[in-house]
Amino acid sequence: MVYSDFNELKISKLGLGMMRLPQTPEKKIDFEDSTKMIDMAIKGGINYFDTAYRYHDGESEVFVGEILSKYPRESYYLADKLPAWICKTRQEAEDIFAEQLKRCKTDYFDFYLLHSVDEESWPLIESFELVDYIKGLKEQELVRHLGLSVHCGPELLEMIFANHSDVFEFVQIQLNYFDWDYINAKELYNIARKYNKPVIVMEPLRGGTLANLPSERASKVLKEASEKSNMSPCSDASYGLRYLRQLEGVMIILSGMSTVQQLEDNIGIMDAQDLTETELTAVSEAAQILREDILVPCTGCNYCYECPSKINIPAIFKQYNESAIKSFTYIWDSLEDLYNKLGPNATSCIKCGNCEANCPQKIKITEVLQEVHQRFSEEIAKGKK
Ligand code: SF4
Ligand code: SF4
């Protein structure tokens, strides 16, 4: 394992994000498999664990409390986050913090972040004076280091660091080779560098898309580059993680792994050789190809889970992207069956707006669901002719 220096700490460069833990068929955390993952992570040298109030509908923090508390508290770093966007008063934020300590069975968090800061949540943060509130938590030694996880534009991050550089010691941003030139990842990264703030990367493999490239063209470009560099062929995930590992200022790559196998692979990748110049060029080319091939930039984060019509939005978008790449042609499965298996779709949407309010990728979900439905209906009808 590679480690990053941060103040007096040595933090594993690969962190375990606990938003996509293994689940039971009832969509609850599978405690047995998830415990195996934690044990293996610790054995593999990972010492940074990241949870949040809303992950797994609150169950992630409870899991942390159950499982991590069997290890000595000083042997790992625990990060948690304050979801300002669900607070209606400052008191609610204070209550959430107290509940988080209780759920996680800890007296303090090593890292505490304002969660999912964007142009909508920042005014709330300011009006409830939450920056002062979390500063107070640090003074009381209830948290050790403060940061923020952002889904905002560059202007807001610049303004936050210009005004609160003394408070926020690091920033968590969505960074990967696909998003570098796609959303504003490069700009946010450059602002962090300008203010000398270490970067914690979220979505390093874009919700798994870069671990299993949905484009044969992109995958081929990467493999050919490795051959040209006389490197052994490696997994898709390896390109994504090594790309980030080489970026200056990246302190932690936080991966939300869902299986023991993924964890084992990713731990191995952290010790693999750096990408060659040829491979680095190929990564940019692969990103360009992926951007051409992918229809909906959904990361599968599931922040849109509170749909009153029980529409499984990430599953529909995933199926759509995969189907588009296969030109909506399946040999063994029927497109109709695949779509129907996903459950309620755009026709059940009541346009309440819950999903869009929570989507960090700012996807116009209701419109896209309609588009997807129309496209699937057309393709299914074509197949019946
Ligand atoms: S707008 Fe539609 S898809 Fe989104 S949460 Fe509401 S019902 Fe569900
Ligand atoms: S639609 Fe948005 S909120 Fe829902 S899973 Fe995709 S990226 Fe996440």
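Just a few scattered comments:
- Solvent accessible area, Å² - Asp30, 1.4 Å probe, full protein context: 40
- 5 angstrom amide H check on Gln23, placed H, neighbours 5+ away: Asp30
- Candidate lysines for bridging to Lys138, where Cα separation is under 28 Å - those fewer than 8 sequence places away on the same chain excluded: Lys10, Lys13, Lys70, Lys81, Lys88, Lys102, Lys105, Lys194, Lys197
- Between amide H atoms placed 1.01 Å from N, distances below 5 Å from Tyr48 occur with Ser12, Leu16, Tyr77, all of them 5 or more places distant or on a separate chain.
- Calculated over the chain, the projected area of the Cα convex hull averaged across directions stands at 19.2 nm².
- Other residues lying with their Cβ under 14 Å from the Cβ of Val368 contribute a combined charge of +2, Lys and Arg counting +1, Asp and Glu -1.
- The stretch 174-321: relative contact order in percent, alpha carbon pairs under 8 Å with at least 6 residues between: 29
- At a probe radius of 1.4 angstrom, the accessible area of the stretch 313-384 per residue rounds to 57 square angstrom.
- Rounded to the nearest 0.05, the FRET efficiency derived from the C-beta distance between Cys352 and Lys10 at R0 = 41 Å is 0.35.
- Using a 4.7 Å Cβ-Cβ cutoff, the cysteines of the chain lacking any partner cysteine are Cys87, Cys104, Cys152, Cys234, Cys298, Cys301, Cys307, Cys349, Cys352, Cys359.
- Peptide packing for 15-26, 253-264 was compared via the average number of neighbouring C-beta atoms within 10 Å per residue; ordered from the highest value, the list is 253-264, 15-26.
- Viscosity 1.306 mPa s, temperature 10 °C, Stokes-Einstein D of the stretch 204-349 from Kirkwood C-alpha radius, µm²/s: 94
- Between 0 and 90°, nearest 10: helix 216-228 axis offset from the chain longest Cα axis: 70
- GNM flexibility winner over the chain from Leu175, Leu68, Leu205 (Cα, springs under 10 Å): Leu68
- Couplings 3J(HN,Hα) of the stretch 204-215, computed from phi: x, 10, 6, x, x, 4, 7, 8, 8, 4, x, 9 Hz, in residue order, whole Hz [Karplus 6.51 cos²θ - 1.76 cosθ + 1.60, θ = phi - 60°; x for Gly and Pro].
- Most fluctuating residue given options Asn47, Asn184, Asn196, as computed from a GNM of the chain linking Cα atoms under 10 Å: Asn196
- Length-normalised contact order of the chain in % [C-alpha pairs under 8 Å, at least 6 apart]: 14
- GNM remark for the chain: springs join alpha carbons under 10 Å apart, and the peak mean-square fluctuation among Cys304, Cys352, Cys152 falls on Cys352.
- Modelled spin labels at Lys43 and Thr278, positioned 7 Å past Cα toward Cβ, are 3.7 nm from each other.
- C-alpha long axis of helix 90-103 to longest principal axis of the chain, angle in °: 80
- Within the accessible surface of the stretch 313-384, defined with a 1.4 Å probe on protein heavy atoms only, the carbon and sulfur portion equals 51 percent.
- 5 angstrom amide H check on Lys81, placed H, neighbours 5+ away: Tyr53, Leu113
- Added length on full extension, which subtracts the Cα-Cα distance from 0.36 nm per residue, Val2 to Asn190: 65.4 nm
- Between helix 277-293 and the chain: long-axis angle, C-alpha atoms, 0 to 90°, nearest 10: 60
- Gain upon complete extension [Ser69, Arg375; 0.36 nm per residue less C-alpha separation]: 105.3 nm
- Rg and Dmax, both from the Cα atoms of the stretch 1-114 and both in Å, are 14.2, 42.
- Sites Glu126 and Lys362 - FRET efficiency at Förster radius 25 Å, r taken between beta-carbons, to 0.05: 0.75
- Think of it as helices only: each DSSP H run of n ≥ 4 in the chain is worth -39500 (n - 2.57), and spread over all residues that comes to -13500 deg cm²/dmol at 222 nm.
- Portion, in percent, of the accessible area of the stretch 3-293 that falls on carbon or sulfur, probe 1.4 Å: 48
The values are calculated or read from the model by the stated rules, or taken from the named source; none is laboratory data. Remember, predicted model here, so these are calculated numbers, not experimental data. Don't worry about glycine lacking a Cβ; one is built from the backbone with ideal geometry, like all the others, and counts go over all protein chains shown. Just so you know, the surface numbers come from the protein's heavy atoms only, side chains and all, with ligands and any DNA or RNA stripped out. Shrake-Rupley method; radii C 1.70, N 1.55, O 1.52, S 1.80 Å.
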